[in-house]
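One structure is given below, encoded as structure tokens.
The values are calculated or read from the model by the stated rules, or taken from the named source; none is laboratory data. A quick note: this is a predicted structure, and the numbers were derived from the prediction, not measured. Every residue, glycine as well, gets a Cβ built from its backbone with ideal geometry; the counts of neighbours run over all protein chains shown. Keep in mind that these areas ignore ligands, DNA and RNA; they rest on the heavy atoms of the full protein, side chains included. Shrake-Rupley method; radii C 1.70, N 1.55, O 1.52, S 1.80 Å.
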Amino acid sequence: MTSLLVWSLAVPIGGALLAFVVGGRRVHWFALATLPIGLAIAIAIAAALSRSSGPLLYLIGGWSPPLGVALRADWLSAIMMVITAVVICGIAAFACGDFISPRPAEARRPFAFWILLLALWSALNLVFLSGDLFTLYVALELLVFSAVPLVCLDGRAETLRAALRYLLFALLGSVLYLVGTGLLYGACGTLDIDLLAACLRPEPVTLVAASLMTAGLLAKTALFPLYLWLPAAHAGAPPAASAVLSALVVKGSFFVAVRLWFFVMPALPGEAATQVMSALAAAAIVFASLLALRQDRLKLLVAYSTLAQIGYIFLMFALAFDEGSGRMVQGSALVGGMMQAISHATAKAGMFMAAGMIYASLGHDRISELGGIARAAPLAALTFLLAGLALIGPPSSGVYLAKTLLLRAADNTGQWWWAGVLQVGGVLTSAYLILVVAHALAPMRRAPTPGHAAIPRLQQAAALALVLCSLVLGLVPWQPWLPLPVAMSGHGPLGLAALWSMLWPILIGVPVAYLLGRRGNRRPWRVALWLEDADRLLRQWPTAGASLVAVAVALAAAMFFGR
Amino acid sequence: MNAATLAGLSGAALIGLGLYGVLTHPHPLRKLLSFNVLGSGVFLMFGIIARKGAAAGLAADPVPQALVITGIVIAFSATALAVALLLRLFAVDRSATLRPDATIERNDRSDA
Amino acid sequence: MTEFLLGAAGFILLTVTVGLVRILAGPGNIDRTAAAQLLGTGGIAALLLVAGATGARGAEDVALGLALLAAFASVAFVNSVEQRPSDNAERADP
Amino acid sequence: MKSVADIFTIVAVCAGSFFFLAGTVGLLRFPDSLTRLHALTKADNLGLGLVVLGLLPQANGFLGGLKLVAVWLLVQLAGATVAQVIAEALRRRGPPP
Amino acid sequence: MTIIEALDIGLAFLVLGVAGWTIAAHEAFTAVIGYVVYGLLLALVWVRLFALDVALTEAAIGSGVTGVLLISAAVRLRASEAEMMHERLGIAPRLVAAALCLVAAAALAAVVLDMPDPGATLAPQARQPLAELGLGNAITAVLIAYRAFDTMLEKVVLVLAVIGVWSLSTDANWGGLAGPTRLERTEGPLAFLAQLLPPLGIIVALHIVWVGANEPGGAFQGGALLSAMALIVLMARLREAPAIGRRWLRVALISGPVVFLAIGLLGFALAGGFLAYPLGFAKPVIVFIEVFMTLSVAATLPMLVIGPPDRRPS
Amino acid sequence: MKPLASRLGLFLVFWLMIAGYAPGDLPVGLAAAALATWASLRLLPAGNGRVRLLPLVGLALHFFRQSVSAGAQVAWLAFRPSMPIHPGFIAYATRLQWAGARNAFCALSSLLPGTLPAGSDDHGSLSIHCLDVDQPVADDLAEEEGLFLQMVRDD
């Protein structure tokens, strides 16, 4: 049964290599044939895990760690793998509308897209399964190599530039991660996650390694203030690629960070470092949400929303710290964070697809000229609305579950300030969605440019399905996989209180959107201008690079002196 | 001071140098070069760890050395991809700048 | 013997360093290309001497590899300064 | 026997080092790029040849020595090519300003 | 201070000096030349660290092939440099960056000095199964047995890099040729070198692959040397690179990872697990894998260096 | 058939030079030599030029001697305080027709004392850079070319 772990990697890799060598017009066939198999394998692994008493383990080549490399599937891997498989299937269905070779011969865009999609999938599965820090490094590189070309498939200058910025910054992150890996090997003589967890002590080597690795991973995940590459890359890519990048790729390095902090070195960071992480996360939530209000293009708004959501999933680090034992605990905060990650994956994939369809039917995505979209592309508009709703978190959704868990963790550890950040984030999320809705409901300014083809049904269905998936994630019986607190299961998600908890952020969001949002030619508030200046500065390379080193130094300082 | 410690210190210094180049050089090609210097500094760190692990009749621990070989190949592929991107960007845009607003400014200029 | 070989290696490395400084000073890029050749010869000599002294196994194979690659950089330079006709074609292509 | 081989090694390696020195002195003293190229390729190649010659008695066996000779031959080939290629490029560039 | 210490310290300063020169150089091309020299010097450092395998890899890939890639890029990008001059940072940001980098480097240096010597190691464990595998080189054993998985994935990374580079072509040029156009006449020293050296290079490369089982060497190093030979032929314009649609090219590119993966999966049936080698047949299986890995490295690196197809397919 | 066999033999000798003789390795060596022969025949098809083996040995010895004197000359010039050199180019009209032979001759003469071929000029004659143009360089080259022609039948 544990050989499934190998197959979950071998199948997409094999599919990609086969597609590469056969090529031709029907490259997508290989991808489409691989999808159901991969999905079935992911589900089978989750099923096997629910029956097993501990993580599934596979020793590659029969060589056991420390010499060999192990694959491990625990509950984190299982749910991430299943959600990834579902999202990839949805994205593939959507991409059937955009990435089929129109000519009888092989064409560039489909060839690259489908093979890279499969490669990306195998890279993610490897990230989720790997039990070895260096294999994780290779997995992260696989992820970058398959993600970067997706950014610039259309070959325009700005997307090429975005891809280059992404690649260079991601490489910088990888190198920092690699240094840390080497130092940890030097300290313990192994790279295996479990063996390292048993061996690592807080000493200079390991603390420096931990801070460098974390900083590198944050750069790859684009946590504030290290996001210089993300908005342009995610907003410029073709819709299907944006969906992959935003929903899945950033989750890869996030997942490695979680592995590192919770599984490799739970006792290393100490309280101050977790507060630093959560402070960055909080800054990301507030800053990126406010900037989302200032965007004039829909895809950029969605990209900044991704930045804010990355903040959300990193907020759990302070909440998961147990003061008594001085360790990171795998409790409700971690579950909340992961739940947020998978809810965002499904909702954001749908949202980018919807934005892409809106672009396709209007010929532009300027927010101020969205009027009439509800008539021009009703289903796309509805999908966008529902995706936004899923991010705010109605009682049945995964985001709601996540929020409840995180709030409870904040309550338990007495860190009310992070709970406050969560609520502010909810308000701001509502605000930028209300801004879009307000523009979309306005009457049509001018007739849509003719000549835009109707959106394929399959694309609409795929986007809607992913969004609905996010909306019902809170209802899934998670007990077999997640260490959910028992009280959660008895809690009815459809009570009046639950409904109110969704409604009030929206109500406050209206005035916020009115005051801070970008509307017409109105003179913006000075705060808004400051924000835009700060954003421009942080997207400059020297600032971002210096911030990266500064984050590493700050983390190291917190780890040294904050214990 | 033995060869391994010396190499380790050189590695640290090279990491600092490479990092400085990556941060401050505006041209992507120079960033890439600095990145390679930075990478080789990291590999040297692995080298010292391997050398300190000399045991069982082997002059160095083979595991970090093997990791370095893998790392060098990956660093090369990354460089190749980045160079291809850069050359393409230059061919399309006649400019290699990484500034985020470059394209927008250019469009504004040509509009005006 | 070991000390002598190492000393010779150090001496050769020193002369190579001085030569390197001269070559890298230019004046032109073409002149600088010769630096790789200088390092190819001097570096191989130093490598063989050090390997002879410390008994590192397989150093001759490294030297063989270096010898094969000694002309590599100069070849690349000469190849790339000659303009490719396809470069113009690419520019015309939007 | 051993000492004879060692003396041979010392003499040859010393001579080789001398030619490396000569090449560097030539690099420093010769007036222009083309003449420096002569110094670089000719003196250093001979220096390497002598070093290889000196190491032959230290190599393990006759065939181990031949490998060193192969290294030297390959460097000669590279040197001959590089010298001509750079010389041609310099000639095309014209006399230095 | 003994001679060898003086030599090491001198070498370290030389490496640092050339690296500093590379970072500080005014023009990109001079910086690249500095980098090539730096790579060659690093190979010497690796020899001093008793890592001959790494030294070979560094010489062939780190300095050689990367150098060629960067040299041609620097020449082609020369026109872009003048424009970037005004983007150079002022003195204050430079100082901030320098201070931050200094802190990082100092922390690493302190950590290096702090590490115990002898430190943690897997050398004894890595050494023990060598006889059973029929290998004498522990690094080869790590690469192709203990951590074979990483090596296989790294081959996939190479294929992905090729796809990434190709995807930067234009729709019209898809399926076409890349690299320099062939000359009608084959004359001059370059042609001479490209006619004479590659056959010798093939022999050296195969020798290095073959001894890799017991001595320093292996598929990466041999493959990299082969790719260098292919690049010399391409750069001397004796031949043109194949069009990217050619089936044999694609087979060669993926042969390494595919054979690796296939043998890994066969291990389920024959040796009781993924990437396990059947008892007693480990050596021939390993050699078989190495042959195809060499082939795919030799095919991949030149394709990465010459870039995306830039001529229309005929 | 002849060039194939001789090249195969040469490459096998080269394999033995670098790999040493071990019976177990010989099949690999043969395969390598065969591959090298294939590459060599593709890159440098057996043309009209033929190489004679015996003069080749003589030429090799001669060349070693010249190579040593080339290095010695540079050393001599470098250390002389007055440095009596008059660098410059001369044009040398070569008798060699076949491109391969021409290239080989250029490569050899680049290792001779005081000369460095720097491509051909517009009239097809070789442009040679000399350390001292006052020396009878052209005559020396003609002599070398004569030796070279004994080894290669150039038609």
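If the cut-off is a Cα-Cα distance under 18 Å, which aspartates and glutamates reach B:Lys31, setting aside same-chain residues fewer than 8 apart in sequence? Output for B:Lys31: E:Glu27, E:Glu81, E:Glu83, E:Glu87. Taking only the C-alpha atoms of chain F, the Rg (one decimal) and the largest Cα-Cα distance, Dmax (whole number), read 19.0, 59 Å.
Within 10 Å of each Cβ in E:15-22, how many Cβ atoms from other chains are there, averaged over the peptide?
Numbers: counts 8, 5, 3, 6, 11, 6, 3, 8.
Average per residue, whole number: 6.
Summary of the geometry: region C:1-44 and region A:161-230, compared by the centres of their Cα atoms, lie 37 Å apart.
Hey, what D do you get for region E:1-79 in µm²/s if you plug the Kirkwood alpha-carbon radius into Stokes-Einstein at 4 °C and 1.567 mPa s? Could you put the intermediate results ahead of the total?
Numbers: Rh = 13.2 Å.
Result for D is 98 µm²/s.
Dividing the helix sum by the residues of chain F, where each DSSP H run of 4 or more adds -39500 (n - 2.57), gives a mean residue ellipticity at 222 nm of -19500 deg cm²/dmol.
A quarter of the convex hull surface defined by the alpha-carbon atoms of chain A gives 24.4 nm² as the mean projection.
With the whole protein complex present, A:Asp98 retains an accessible surface near 60 Å², based on a 1.4 Å probe. Relative to the dominant Cα principal axis of chain D, helix D:61-93 is inclined by about 10°. Short-range pairs are left out: with C-alpha atoms under 8 Å and at least six residues apart, the relative contact order of region B:3-111 is 24 percent.
What FRET efficiency, computed as 1/(1 + (r/R0)^6) with R0 = 41 Å and r the Cβ-Cβ distance, is obtained for A:Leu458 and E:Phe268, rounded to the nearest 0.05?
Values: r = 37 Å, r/R0 = 0.89.
FRET efficiency, A:Leu458 to E:Phe268: 0.65.
Axis of helix B:28-52 versus longest Cα principal axis of chain B: the two differ by about 10°, to the nearest ten degrees.
Heavy-atom accessible surface of F:Arg95, to the nearest 10 Å², is about 130 Å², with a 1.4 Å probe and all protein chains retained. Distance between the C-alpha centres of region D:1-36 and region B:49-85: 35 Å, rounded to the whole angstrom.
So, R0 is 41 Å and r is the distance between the beta-carbons of A:Ser50 and D:Leu63; what FRET efficiency does that work out to, to 0.05? Mind showing how you got there, number by number?
Working: r = 64 Å, r/R0 = 1.56.
E between A:Ser50 and D:Leu63, to the nearest 0.05, is 0.05.
Ranking of A:Arg297, E:Arg88 by solvent-accessible surface, largest first: E:Arg88, A:Arg297 (1.4 Å probe, protein heavy atoms only, all chains present).
Between rounded, prolate and oblate, where does region E:71-158 land on the alpha carbon gyration tensor, with a ≥ b ≥ c its root eigenvalues, rounded for a/c under 1.5, else prolate if a/b exceeds b/c? Cα axes put region E:71-158 in the oblate bin.
State whether region E:135-314 is rounded, prolate or oblate according to the following rule on the C-alpha gyration tensor (a ≥ b ≥ c being the square roots of its eigenvalues): a/c under 1.5 gives rounded; otherwise a/b larger than b/c gives prolate, and the remaining case gives oblate. Judged from the Cα gyration tensor, region E:135-314 comes out oblate (a/c at least 1.5, b/c at or above a/b). Label positions at F:Leu41 and E:Arg239, each projected 7 Å from the Cα along the C-beta direction, are separated by 1.4 nm. Taking all protein chains together and rolling a 1.4 Å probe, A:Tyr514 ends up with roughly 140 Å² accessible. Between region A:80-116 and region A:319-395, the alpha-carbon centres lie 21 Å apart.
Averaged over the residues of peptide A:139-149, the number of Cβ atoms from other protein chains lying within 10 Å of each residue's Cβ is 6.
Over region F:2-43, with a single point scatterer placed on each C-alpha, what log10 of the ratio I(q)/I(0) does the Debye formula yield at q = 0.34 1/Å? Here log10 of I(q) over I(0) equals -1.16. When +1 charges are put on Lys and Arg Cβ atoms and -1 charges on Asp and Glu Cβ atoms, the dipole computed for region B:3-111 relative to its Cα centre reaches about 200 debye. Ordering A:Leu515, A:Leu226, E:Leu95 by accessible surface, largest first, gives E:Leu95, A:Leu515, A:Leu226; the 1.4 Å probe counts only protein heavy atoms, with every chain in place.
In debye, nearest 20: dipole of region E:100-217 around its Cα centre with unit charges on the Cβ of K, R (+) and D, E (-)?
Details: 5 positive and 9 negative charges, 37 e Å.
Charge dipole, region E:100-217, about its Cα centre: 180 debye, nearest 20.
Here each label is just a point 7 Å from Cα along the line to Cβ, and for F:Leu26 and F:Ser82 those points are 6.3 nm apart.
At 1.306 mPa s and 10 °C, plugging the Kirkwood radius over alpha-carbon pairs of the protein assembly as shown into Stokes-Einstein gives what diffusion coefficient in µm²/s? Write down the numbers at each step before the final one.
Working: Rh = 32.1 Å.
Once the numbers are plugged in, D ends up at 49 µm²/s.
Label-to-label distance for E:Leu113 and A:Ala442 is 6.4 nm, based on points extended 7 Å past Cα in the beta-carbon direction.
Dipole of the protein assembly as shown, Cα-centred, from +1 at each Lys and Arg C-beta and -1 at each Asp and Glu C-beta, to the nearest 20 debye? The partial results should precede the final answer.
Numbers: 84 positive and 70 negative charges, 577 e Å.
Dipole about the Cα centre, nearest 20: 2760 debye.
Partner shielding of F:4-13 amounts to 1, given as the average count of beta-carbon atoms from other chains within 10 Å of each residue beta-carbon. Legend note: in chain A, cysteines whose Cβ sits 4.7 Å or more from every other cysteine Cβ are A:Cys89, A:Cys96, A:Cys152, A:Cys469.
On average, how much area does the Cα convex hull of chain D cover when viewed from any direction, in nm²? Walk me through the intermediate numbers first.
Working: hull surface 25.8 nm².
Averaged projected area of chain D's Cα convex hull equals 6.4 nm².
Non-local lysine pairs in chain A, meaning eight or more places apart or on different chains, with alpha-carbon distances under 18 Å, amount to 4. Across region F:81-98, coupling constants 3J(HN,Hα) worked out from phi with the 6.51/-1.76/1.60 Karplus curve, θ = phi - 60°, read x, 7, 6, x, 10, 10, x, x, 9, 10, 9, 10, 7, 8, 8, 6, 9, 5 Hz, and Gly and Pro carry x.
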